[in-house]
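Here the structure comes first, spelled out in structure tokens, and everything after it is commentary.
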Amino acid sequence: MKVMNIVQVGIGSLGRRITRCVLKKNGLKIVGAVDTDPRKVGKDLGAICSTNPLGITVSESLSGITGHEEVDVALLTTVSDIIHITRQIEKIVEHGIPVVTTCEELAHPWETAPQHAEKIDKKAKKNHVAVLGTGVNPGFLMDLLPICFTAVCQHVERIKISRIQDASYRRIPFQKKIGAGLALPDFEKKKERGVLRHVGLTESAHMIANKLGWRLDRIEETVLPIVAKDTLVTDTLTVEAGNTAGVEQIWRGFIGKEEKITLVFRASIGETEPQDKIQIDGQPPIVSTIPGGINGDVATCAITINAIKQVIRAAPGLKTMADLPVVSWFE
Ligand SMILES: NC(=O)c1ccc[n+]([C@@H]2O[C@H](COP(=O)([O-])OP(=O)(O)OC[C@H]3O[C@@H](n4cnc5c(N)ncnc54)[C@H](OP(=O)(O)O)[C@@H]3O)[C@@H](O)[C@H]2O)c1
């Protein structure tokens with residue numbers, strides 16, 4: 001198999017993990033790195049990723065990288081919002097490079113941001129490449145995996161998916177995103193500003209509804225703090241008793257009075273019973289639990305890399321995980 005040349009765009013917490021994984025994987029080669037953080041630009045990628053020197057200098061834009069014609073794919077791990085990612089993707093696909101991104105709002109943007117989805121789709125088609133939004137969640141656990149379970153159902157009445165995580169073992173940006181360590185008034189302020197929540201439940205629910213042919217006519221979403229009963233100490237932060245240990249977010253989608261899709265996302269420091277659970281009321285009924293739950297950082301790093309092959313082979317345009325042939329680990 002031909003070696004696949006990769007440009008890593010965004011060398012944050014996830015980009016660094018992905019780089020280290022790619023270095024260990026046969027058949028993949030990092031040939032360029034981009035990040036806008038001035039503390040990273042001009043440095044050797046290895047110095048930022050705590051590896052041996054790699055001879056790859058971090059550039060502040062793609063135009064600073066030579067030999068675009070040799071790049072097979074860009075792994076884009078920068079932001080969660082569709083507006084910024086649209087601009088970033090446009091610049092990459094103009095070079096004829098396919099994109100795998102972990103941007104949550106791109107996991108299934110057709111209902112939430114149709115204009116941006118169309119813009120990316122058109123631009124990707126014009127440049128003959130595919131673009132995919134993926135990740136552990138959204139991108140797999142709360143959308144693609146339950147969708148796959150329904151393949152053995154004669155009928156599906158409703159779906160409930162719960163992702164309960166102990167955030168002690170997650171990367172720092174994730175712990176910040178769920179408000180871990182905040183005093184309750186600060187949690188409420190950030191919640192009001194819309195910056196304190198897990199991004200992606202809406203996209204997951206739309207991916208499921210779209211695939212199952214359900215037209216949801218009402219949705220509800222609640223975001224509540226999980227309060228620490230005792231002081232919690234991790235390697236990276238301390239949560240005082242009475243402050244926020246994390247977040248519980250519940251997303252409900254209805255058809256008429258019937259609740260058809262329920263997504264429960266709960267992540268906090270010291271969560272005692274982490275698990276991923278899928279419940280399908282249908283024929284046959286299905287309940288599947290992954291005790292301990294899947295580590296999101298390990299899994300996102302993996303799925304981003306594992307999706308590369310399918311994205312390179314895919315027809316041009318914007319894709320979701322539900323559009324591609326099965327993505328799997330490969331030797
Ligand atoms: N779908 C999923 O399941 C999933 C799972 C994990 C993570 N994610 C998402 O993946 C993204 C990356 O995660 P992370 O933890 O690595 O975030 P992070 O630590 O904030 O890293 C992002 C990096 O990208 C840089 N950046 C921002 N805009 C850029 C641009 N236009 N071009 C190049 N670099 C740019 C940032 O620089 P500055 O710091 O200077 O802005 C930062 O160095 C986040 O949006 C996260 O929410 C999704």
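The figures follow:
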item: Residue match in segment 206-217 (condition: within 12 Å of the ligand (Cβ to nearest atom) and basic (K, R)); result: no
item: Among the candidates L45, L76, L54, residue that is of a type in the set (A, V, I, L, M, F, W, C) and within 23 Å of K177 (Cβ to Cβ); result: L76
item: Residues within segment 58-78 that are without any contact (Cβ under 8 Å) to a residue 60 or more places away in the chain and assigned to a loop (DSSP other than H, G, I, E, B), tallied; result: 5
item: Residue in segment 214-224 that is free of Cβ contacts under 8 Å to residues at least 24 places away in the same chain and either in a loop (DSSP other than H, G, I, E, B) or in contact with a strand residue (DSSP E or B) (Cβ under 8 Å, 6 or more places away or on another chain) (or both) present; result: no
item: Given (1) touching a His at 6+ places or on another chain (Cβ under 8 Å); (2) part of a loop (DSSP other than H, G, I, E, B), index of the condition I83 fails; result: (2)
item: Those residues of segment 136-166 which are among the polar types (S, T, N, Q), over 25 Å from R197 (Cα atoms) and not in a helix (DSSP H, G or I), in sequence order; result: Q154
item: Flag for E111 being assigned to a loop (DSSP other than H, G, I, E, B) and more than 16 Å from the chain's Cα centre (by Cα); result: yes
item: Members of segment 279-300 that are touching a Leu at 6+ places or on another chain (Cβ under 9 Å) and either more than 26 Å from G12 (Cα to Cα) or away from the ligand (no atom under 11 Å from the Cβ) (or both); result: S288, I290, G293
item: The listed residue being at pLDDT below 95, crowded, with 18+ Cβ neighbours inside 10 Å and at negative phi, out of I261, I178; result: I178
item: Positions within segment 114-135 being among the hydrophobic types (A, V, I, L, M, F, W, C), within 19 Å of N210 (Cα to Cα) and either touching a Cys at 6+ places or on another chain (Cβ under 9 Å) or part of a helix (DSSP H, G or I) (or both), in sequence order; result: A117
item: Matching option when the condition is farther than 16 Å from S268 by Cα and crowded, with 21+ Cβ neighbours inside 10 Å, among L212, L196, L201, L216; result: L201
item: Scope segment 113-135; condition more than 16 Å from the ligand (Cβ to nearest atom), polar (S, T, N, Q) and closer than 16 Å to V73 by Cα; matching residues; result: N127
item: Count - residues of segment 167-213 that are in contact (Cβ under 8 Å) with a residue 24 or more places away in the chain, assigned to a loop (DSSP other than H, G, I, E, B) and of a type in the set (V, I, T); result: 2
item: Tally of residues being assigned to a loop (DSSP other than H, G, I, E, B), at negative phi and touching a residue at least 40 places away in the same chain (Cβ under 8 Å) across segment 241-258; result: 1
item: Search result, residues across segment 283-331 that are modelled with pLDDT of 95 or more, outside any loop (DSSP other than H, G, I, E, B) and either among the acidic types (D, E) or at positive phi (or both); result: G317
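Residues checked against (1) under 17 Å from A130 (Cβ atoms); (2) more than 10 Å from the ligand (Cβ to nearest atom); (3) in contact with a Leu (Cβ under 9 Å, 6 or more places away or on another chain):
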{"residue": "L23", "(1), (2), (3)": "no, yes, yes"}
{"residue": "L28", "(1), (2), (3)": "no, yes, no"}
{"residue": "T36", "(1), (2), (3)": "no, no, no"}
{"residue": "S50", "(1), (2), (3)": "no, yes, no"}
{"residue": "I65", "(1), (2), (3)": "no, yes, no"}
{"residue": "D81", "(1), (2), (3)": "no, no, no"}
{"residue": "H95", "(1), (2), (3)": "yes, yes, yes"}
{"residue": "V99", "(1), (2), (3)": "yes, yes, yes"}
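The values are calculated or read from the model by the stated rules, or taken from the named source; none is laboratory data. Given the structure is predicted, the values throughout are model-derived calculations rather than measurements. Glycine gets a Cβ as well: all are built from the backbone with ideal geometry, and neighbour counts include every protein chain shown.
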